[in-house]
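Chemist: Pasting a structure here, questions to come.
Derivation of every value follows stated rules applied to the coordinates shown; laboratory data play no part. Please read all numbers here as calculations on a predicted model, not as lab measurements. Note that each Cβ is placed from the backbone with ideal geometry, even for glycine, and that neighbours are counted across all protein chains shown.
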């Protein structure tokens, strides 16, 4: 069965709007002959986003994106599509800045409200996220919108509203099922396990591990692809661990590793399971794998450094701690740059 991608990819069609926005620029210049010709195109914008993700030429690419907003025929659509691209790259602060521009220019665009809400969720801005997602619920055309409810359930966790969060998570499952039922044979469908795992997470976050396990028990593992099975086993392992059922949690972690031996999150969480039990020798290979799979993983570097120090390998531990500090400092510097980007962008556009 074909599976539809997650929300960032689910809205990837919006990226095509970049070409539309640039194509509209000649008409806008015809009405204003004094307007300078555009210096940027869709490929340049995508390249700038990719370079920002790698922390390369930040000032240059910030300036390019800022200037591009003023040089296209439809600034609102352009800001929306750049915001979606940045959101997909997990540049949440920058995405928020562009999506706020789009929200002001396109106040009736439900997708903009939804994506701005998602950007706020990613930054734990729960009140702002709730406002935008509720607006999206009103603005989007009739039909199932499971991701709106899924993200609202996350927001309501942050706002400590257990019953409302559970209701939204259940509605997300129902609407995902409705979406899938409406698809013709062979069409892409939504992956229901994502929404079921979200409901399990709601129960877990509100200290209802038995309810969470009942949700997991209802998932047909054989119907899932490898990624879905790995996520389900990892969720079960973490819930069992929280209940103090060490042997069952260990078995679930091992099953997750069997299904997805190269999953960085599975390796890292299994390592933490051993760290909490003062078993540094067991944690070490898992953390080393996590570092190799994701060289920018702050937690893996930090915990591996601590494990090595505990095992008496002071030189190697100190080296890992230094690497962790560099990665952490680079992330903070990038966040500051992106915050400045949003500030200057809003300032430039009079917001």
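Chemist: I need the calculated FRET efficiency for the pair residue 187 and residue 108, taking r as the beta carbon distance and R₀ as 35 Å, to the nearest 0.05.
Modeler: Details: r = 28 Å, r/R0 = 0.81.
After rounding, the FRET efficiency stands at 0.80.
Chemist: Using the Kirkwood radius over C-alpha pairs as Rh, can you work out the diffusion coefficient of region 193-351 via Stokes-Einstein at 25 °C, viscosity 0.890 mPa s, in µm² per second? Please report the intermediate quantities before stating the final value.
Modeler: Working: Rh = 17.6 Å.
Value of D from the Cα-based Kirkwood radius: 139 µm²/s.
Chemist: Follow-up. Please compute the length gained on full extension between residue 328 and residue 340, using 0.36 nm multiplied by the number of residues separating them and subtracting their Cα-Cα distance.
Modeler: Details: separation 12, 0.36 × 12 = 4.32 nm, distance 1.85 nm.
Extra length available between residue 328 and residue 340 comes to 2.5 nm.
Chemist: If you bin the C-alpha pair distances of region 203-269 every 10 Å from 0, what whole percents do you get?
Modeler: Taking every Cα pair in region 203-269, the percentages come to 23, 54, 23, 0.
Chemist: Would you calculate the separation in nanometres between label points at residue 214 and residue 294, each defined as 7 Å from the Cα along the Cα-to-beta-carbon direction?
Modeler: Computed distance between label sites residue 214 and residue 294 equals 3.2 nm.
Chemist: Among 147, 324, which comes first, second and so on when ranked by fewest other beta-carbon atoms within 10 Å?
Modeler: Numbers: 147 24, 324 21.
Fewest-to-most ranking of 147, 324: 324, 147.
Chemist: Using the 10 angstrom Cβ neighbour count as an exposure proxy, how do 214, 323 rank, fewest first? Walk me through the intermediate numbers first.
Modeler: Details: 214 12, 323 17.
Least crowded to most crowded, the residues run 214, 323.
Chemist: Counting pairs of alpha carbon atoms under 8 Å apart in space and at least six apart in sequence, what relative contact order in percent does region 284-342 give? Numbers along the way, then the final one.
Modeler: Working: 42 pairs, mean separation 15.5, N = 59.
The value is 26 percent.
Chemist: Same structure, new question: Going by a ≥ b ≥ c, the root eigenvalues of the Cα gyration tensor, does region 255-303 fall in the rounded group (a/c under 1.5), the prolate group (a/b larger than b/c) or the oblate group? Spell out each step's value before the answer.
Modeler: Values: a/c = 1.98, a/b = 1.05, b/c = 1.88.
Oblate is the answer for region 255-303, as a/c is 1.5 or above yet b/c matches or exceeds a/b.
Chemist: Moving on. Determine by what factor the alpha-carbon radius of gyration of region 262-351 differs from 2.2 N^0.38 Å, reporting the quotient. Kindly include the intermediate steps, with their values, before the conclusion.
Modeler: Details: Rg = 17.2 Å, N = 90, 2.2 N^0.38 = 12.2 Å.
Compared with the compact-globule rule of thumb, region 262-351 sits at 1.42.
Chemist: Here is a follow-up. Using only the Cα atoms of region 41-137, build the gyration tensor, take square roots of its eigenvalues as a ≥ b ≥ c, and label the shape rounded, prolate or oblate: rounded if a/c is under 1.5, else prolate if a/b is larger than b/c, else oblate.
Modeler: On the way: a/c = 2.57, a/b = 1.43, b/c = 1.79.
Since a/c reaches 1.5 but b/c is at least a/b, the shape of region 41-137 is classed as oblate.
Chemist: Could you check the spin-label model distance between residue 134 and residue 251? Points 7 Å from the Cα along Cα→Cβ, value in nm.
Modeler: 4.5
Chemist: Go ahead and collect, in residue order, the members of region 146-171 whose backbone nitrogen is under 19 Å from a label point 7 Å along the Cα-Cβ direction of residue 242.
Modeler: So the set is 150-171.
Chemist: Sort 157, 327 so that the residue with the fewest other Cβ atoms within 10 Å of its own Cβ comes first and the one with the most comes last. The partial results should precede the final answer.
Modeler: Working: 157 22, 327 17.
Exposure proxy ranking, most exposed first: 327, 157.
Chemist: Now a separate question. Taking a ≥ b ≥ c as the square roots of the Cα gyration tensor eigenvalues, with a/c under 1.5 meaning rounded and otherwise prolate when a/b beats b/c, else oblate, which class fits region 102-200?
Modeler: Numbers: a/c = 2.20, a/b = 1.19, b/c = 1.85.
Here region 102-200 falls in the oblate category.
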